[in-house]
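The values are calculated or read from the model by the stated rules, or taken from the named source; none is laboratory data. Being a predicted model, the structure only gives us computed values, none of them experimental. Neighbour counts are summed over all protein chains in view; Cβ atoms, including those assigned to glycine, are modelled from backbone coordinates with ideal geometry.
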């Protein structure tokens, strides 16, 4: 059947080439619908509990995505007339930021004072150049002693300051984030040109959103050409000619175009994880082509006609190629169980690319190879080497069997050394400006990690209740006593200040009001005095029944964030059982994501394993060989995570998908080796050792080449500036490398150890 099909392909080769190319361009046209998601919320499914809590927080209080300008005067002094003038101008200009709703700095901080019976509310700095030396010292004293400012908009040592722009992105257009950050960068540049005596850096959640596509664009510009170049060079060296190299190269490009086009037609949005799909596709698309071309070159070398060699290669390789395609697709589809939607998209696009590569391998490739001139009749490079290695494996089968077993068991014991540990700022390496500026801000001014806690009452206006305010103040003090906390923004500080103001600025009255009506009056008077855009909606809900306390944290690992939050919620439950708190923030969301993803991927990997095992047992026609095949398929990931535990010791969301994904990939070598082994046993009647020798001679080199290409492709991915991709690429490379070693040492030893039947006996 396969022979007849291949003859038909060769007969109509020109038509097949034209039709497949036309189909590729038709499917690839869907690429025009691809857009890039630049919202960190893309990592969270609609039913993610932490996302739902965060959205509840943002629905109750104003949204608080932000751009923070970190200002560093080269003089080392914020409180000079010149520096304050820069901050004031930057504050005023920042109001023009697209989608901005609020701008906060030390200059426009709404400072309150008492003037007889009146409450005076005004900018802390109105005219910097009019300030006397005494007034400058007074402004400095107020700023660094104001809990709302210090460790947030000014450093305690007065060397760093910030201008924070709150933005509310509608989420209706893809250019919202780029437009916002483009304006911020232009403003930053204009200020630097005008005031060279300061340095300015940009951080904040909106800046992080923009860093996602920028990191991906950099990868596309640098990594894709590198991967393509390496693969073309490898193929040329292996195949010793242009024809096979050109044919494979065209097929790879067609596979990628088809997959990305189908992604566009399917409405998939691009994201940093998704941008690694083309590299995955181009590395895996090579595998099928290499097996066909290597076998064809072998047949040519022994004197077979080119078209007959193509037919024979298709006959030998069609079934194993089909099975490896199916198992690889199943492995990638397991990513749909991930708790992070971008990994769903990655798995689906990669699966579509692998399917496209298979279709083009059995249609376009034999057709184009039959058209192109044969490139000599020499064996592919390196075949003798694999023959010698096969003899070594046969001679040393027992040491290899037991040696592999000992090493794998030892590495397996190291797996528990891995600790779940994500830091979302560190998703970007230090070559990315956002990462460098975030580290700078965390070290000198304020952190980018924060958690919001909402404390609700059961009645409208309940926040003015003295007991409630006392609870808020106590909670705020508890938070400030924690070593992880940098800053706490709380309404209780405002009430204390207002109470002092309304008692003639007497420091003795720096405490909470003792009467509800009085507290409510103070709050009303204060709110009426605040200018537009600087109200308290970011801290108090509309009916004044709840308040939000924002806690800025040091840069913590996911485990540390979860431990901190658990301790806080426990403290609230123990000390204020009448208050029903809830929390929400990107920090909490990312902290829980890794653990949730690992749990969900366990399900996906288990299902993939069951399906792949069923496919292998059916394909091999033997339960025994199906079970034997599981060992070289499962142990590489186990050993790789053991090595990772020894060398790195931290896993996050990017690594949680590796087992499921690689399960489908590493099966390929096992299937091809077993198919050749069983062909030798069943068709040629060879004993176990001769069958292993036959497998090494006929497929060993192809396994080596395809694995080298895969390892190289994922190692190139490991150079990504986006840590989720780089860590995933590195660990996947290790898994594939270990899988090759195991397939060429442990698998043959197992086959010879458990061989049944004599020479020529039906298996």
- Query: Do we find a residue being at pLDDT 95 or above, surrounded by fewer than 19 Cβ atoms within 10 Å (Cβ to Cβ) and over 22 Å from residue 487 (Cα atoms) anywhere in the stretch 83-91?
  - Reply: yes
- Check residue 22 against each of (1) in contact (Cβ under 8 Å) with a residue 40 or more places away in the chain; (2) in a helix (DSSP H, G or I) and name the one condition it does not meet. (1)
- Message: Exactly one of these conditions fails for residue 548: (1) at pLDDT below 90; (2) touching a strand residue (DSSP E or B) at 6+ places or on another chain (Cβ under 6 Å); (3) farther than 19 Å from residue 118 by Cβ. Give me its number.
- Response: (1)
- Among the candidates 691, 702, residue that is touching a helix residue (DSSP H, G or I) at 6+ places or on another chain (Cβ under 7 Å), crowded, with 23+ Cβ neighbours inside 10 Å, assigned by TED's automatic domain parsing to the domain that holds residue 650 and modelled with pLDDT of 90 or more: 691
- Reported set for the stretch 284-322 where residues are surrounded by fewer than 22 Cβ atoms within 10 Å (Cβ to Cβ), under 27 Å from residue 259 (Cβ atoms) and modelled with pLDDT of 90 or more is 318, 322
- Message: Looking for something at pLDDT 85 or above and either farther than 25 Å from residue 595 by Cα or not assigned by TED's automatic domain parsing to the domain that holds residue 69 (or both) - is there at least one such residue anywhere in the stretch 373-387?
- Response: no
- Task: Kindly provide the set of residues from the stretch 518-546 that are free of Cβ contacts under 8 Å to residues at least 40 places away in the same chain and more than 30 Å from residue 165 (Cβ to Cβ), ordered by number.
- Result: 518, 521
- Message: Within the stretch 239-249, does at least one residue satisfy the condition of being buried (at least 24 other Cβ atoms within 10 Å of the Cβ), within 25 Å of residue 721 (Cβ to Cβ) and not assigned by TED's automatic domain parsing to the domain that holds residue 657?
- Response: no
- Among the residues of the stretch 93-109, is there at least one that is assigned to a helix (DSSP H, G or I), surrounded by fewer than 20 Cβ atoms within 10 Å (Cβ to Cβ) and modelled with pLDDT of 95 or more? yes
- Item | Residue match in the stretch 134-147 (condition: under 22 Å from residue 529 (Cα atoms) and touching a helix residue (DSSP H, G or I) at 6+ places or on another chain (Cβ under 6 Å)) | yes
- Message: Scan the stretch 24-44 and tell me whether some residue there is modelled with pLDDT of 90 or more and out of contact with any helix residue (DSSP H, G or I) (no Cβ under 7 Å at 6 or more places or on another chain).
- Response: yes
- Among the residues of the stretch 190-202, which ones are touching a strand residue (DSSP E or B) at 6+ places or on another chain (Cβ under 9 Å) and either more than 25 Å from residue 81 (Cα to Cα) or in a helix (DSSP H, G or I) (or both)? 191, 192
- Identify all residues within the stretch 123-139 that are more than 47 Å from the chain's Cα centre (by Cα), surrounded by fewer than 17 Cβ atoms within 10 Å (Cβ to Cβ) and assigned to a loop (DSSP other than H, G, I, E, B); write none if there are none. 132
- Query: What about residue 120, is it assigned to a helix (DSSP H, G or I), in contact with a strand residue (DSSP E or B) (Cβ under 8 Å, 6 or more places away or on another chain) and either more than 21 Å from residue 203 (Cβ to Cβ) or not assigned by TED's automatic domain parsing to the domain that holds residue 72 (or both)?
  - Reply: no
- What are the residues in the stretch 7-28 that are farther than 11 Å from residue 257 by Cα and under 38 Å from the mean Cα position of the chain (by Cα), if any? 17, 19, 20, 22
- When residue 578 is run through (1) under 31 Å from the mean Cα position of the chain (by Cα); (2) surrounded by fewer than 19 Cβ atoms within 10 Å (Cβ to Cβ), the failure sits at (1)
- Message: Among the residues in the stretch 516-525, are any under 18 Å from residue 582 (Cβ atoms) and surrounded by fewer than 17 Cβ atoms within 10 Å (Cβ to Cβ)?
- Response: no
